[in-house]
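The values are calculated or read from the model by the stated rules, or taken from the named source; none is laboratory data. Remember, it's a predicted structure, so these values are computed and weren't measured experimentally. Positions of Cβ are generated from backbone atoms using ideal geometry, with glycine treated the same way; all protein chains shown enter the neighbour counts.
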Amino acid sequence: MHDFVPTPAFRFGRTLPIACLGALLAFGLVACKGGQGTGMPDKKGDKADEAIPVEVAKAARRSISASYNGTAALEARGDAQVVSKTSGIALKVLADVGQHVVAGQTLVSIDRDRAVLQEAQADAQVRKLEANYRRATQLAEQKMVSANDVDQLRYDLDNARAQLRMARLELSYGNVTAPISGVISTRDIKPGNFVQINTPIFTIVDTSWLEATLNVPEREIETLKPGQAVELAADALPGKTFAGRIDRVSPVVDAGSGTFRVVCAFAGDDLLQPGMFGRIRIRYDQRADALVIPRAALLEDGGEPAVFVARGSKAARVTVKLGYDDGPWVEVRNGLRAGDQVVVAGKAALREGTAVKVLQMDAAPAAQAAR
């Protein structure tokens, strides 16, 4: 057998792919090294080191109140419909809508000509029977009139006197008067109209006191008591607040709604009017030296109450135990100390340990605490 000696062409065909592969690997290594040496930024690393801008506020000590907030419409404490107790033509109408009136004040004058005549007839009948009765008693002493006749005359006289009082009462109904003091809200009568008996012709509302009724959840039944101070802000009067008090509290909880009624009373004036919609706050407790933070610092992620605190250049998530809630402030009973910087703006982008850059310090809590 002859030994096989590879030809140059065969040797080239076997070794060329290996040489090409080596060259490609070498080129790739050089390219990788060249890429690192060009100074191009590592975007991932720079993003991790980029600080998030935030605004913070210091936890501070100040007074804070516990309160219940609700809404209700104002109602007049009392109202009355004015009706006539007799029929007749309205000669004069002496009051109009918006006018303040006092109890007993004449509002309408009704024609009373017929009642005057009836009163005169009854008076004449009484005087006649009084004279007859005097003569009968004299004759009875002389045994000329029986005792039964004298008794009958006395009964007739008593009846005539009752008729006279009735005629005078009917005559007095000619002046329709206000049953309560207050403001006239409606008028359904004009001079010359025929007034029907027991038909409403005015409505009077007593605005000396206004009431607002709250339906309060039963969990508050031990905290709200008569006499507690109440603040009212009316939507129709922005920027103004009115002081009142709890007038009465229902002792019964409605089984269907789980609420009980709390009636708040406010002194009437020229500003508050029945029908106005009011926002009511009842403060039932107060802490003079509570640690508070702005409500805006609380995280809204559905978990336990927590805030982000700026510690150095990092953000730390801190779980807190809350106390009283008073408008823009919330009390922190555990988890923070006075002076801790809580994030109030920019917290949505934060995670535990995120680098932060404080842009602004909100001094409002400290200013409030100094007051």
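Please find, within the stretch 255-295, the residue that is nearest to Val183 (Cα to Cα) out of those that are polar (S, T, N, Q) and in a strand (DSSP E or B).
The extreme case among them is Thr259.
In the stretch 222-235, what residues are surrounded by 13 or more Cβ atoms within 10 Å (Cβ to Cβ) and at pLDDT below 90?
Selection gives Thr223 alone.
State which residue pairs qualify: first residue assigned by TED's automatic domain parsing to the domain that holds Met361 and inside the stretch 308-332, second residue part of a strand (DSSP E or B) and among the polar types (S, T, N, Q) in any location, beta carbons under 7 Å apart, and separation of 6 or more residues or different chains.
Val309/Gln341; Ala310/Gln341; Val320/Asn334; Lys321/Asn334; Tyr324/Ser65; Asp326/Ser65; Asp326/Ser67
Of the residues Leu232, Leu214, Leu224, only one is touching a Phe, Trp or Tyr at 6+ places or on another chain (Cβ under 6 Å) and under 16 Å from Cys264 (Cβ atoms); which?
Leu232
Within the stretch 266-295, take every residue that is surrounded by fewer than 17 Cβ atoms within 10 Å (Cβ to Cβ) and of a type in the set (A, V, I, L, M) and give me the one that is nearest to Thr213 (Cα to Cα).
Taking the candidates together, the pick is Ala267.
Take the conditions surrounded by 17 or more Cβ atoms within 10 Å (Cβ to Cβ), of a type in the set (Gly, Ala, Ser) and closer than 17 Å to Leu94 by Cβ and apply them to Ala212. Does it pass?
Judged against the criteria, Ala212 is not a match.
Only one residue in Ile189, Ile201 is assigned to a loop (DSSP other than H, G, I, E, B), in contact (Cβ under 8 Å) with a residue 24 or more places away in the chain, within 41 Å of the chain's Cα centre (by Cα) and surrounded by 14 or more Cβ atoms within 10 Å (Cβ to Cβ). Which one?
Ile189 is the lone residue from the list that is assigned to a loop (DSSP other than H, G, I, E, B), in contact (Cβ under 8 Å) with a residue 24 or more places away in the chain, within 41 Å of the chain's Cα centre (by Cα) and surrounded by 14 or more Cβ atoms within 10 Å (Cβ to Cβ).
So, Ser181, is that one surrounded by 12 or more Cβ atoms within 10 Å (Cβ to Cβ) and under 30 Å from Ala76 (Cα atoms) or not?
Yes: the conditions hold for Ser181.
Where in the stretch 25-137 are there strands (runs of 3 or more DSSP E), lying fully within it, with 1 or more residues that are among the aromatic types (Phe, Trp, Tyr), crowded, with 18+ Cβ neighbours inside 10 Å and modelled with pLDDT under 90?
Because the criterion is at least 1 residues that are among the aromatic types (Phe, Trp, Tyr), crowded, with 18+ Cβ neighbours inside 10 Å and modelled with pLDDT under 90, the strands (runs of 3 or more DSSP E) in the stretch 25-137 that meet it are 60-83.
This table checks each residue for (1) modelled with pLDDT of 90 or more; (2) over 17 Å from Pro53 (Cβ atoms); (3) more than 27 Å from the chain's Cα centre (by Cα); (4) not in a loop (DSSP other than H, G, I, E, B).
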position: Val342; (1), (2), (3), (4): yes, no, yes, yes
position: Ala348; (1), (2), (3), (4): no, no, yes, yes
position: Gly353; (1), (2), (3), (4): no, no, yes, no
position: Gln368; (1), (2), (3), (4): no, yes, no, yes
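For the stretch 282-298, which residues satisfy the criterion of being in contact with a Pro (Cβ under 8 Å, 6 or more places away or on another chain) and of a type in the set (A, V, I, L, M, F, W, C)?
If the condition is that a residue be in contact with a Pro (Cβ under 8 Å, 6 or more places away or on another chain) and of a type in the set (A, V, I, L, M, F, W, C), then Val292, Ile293, Ala296, Leu298 are the ones that fit.
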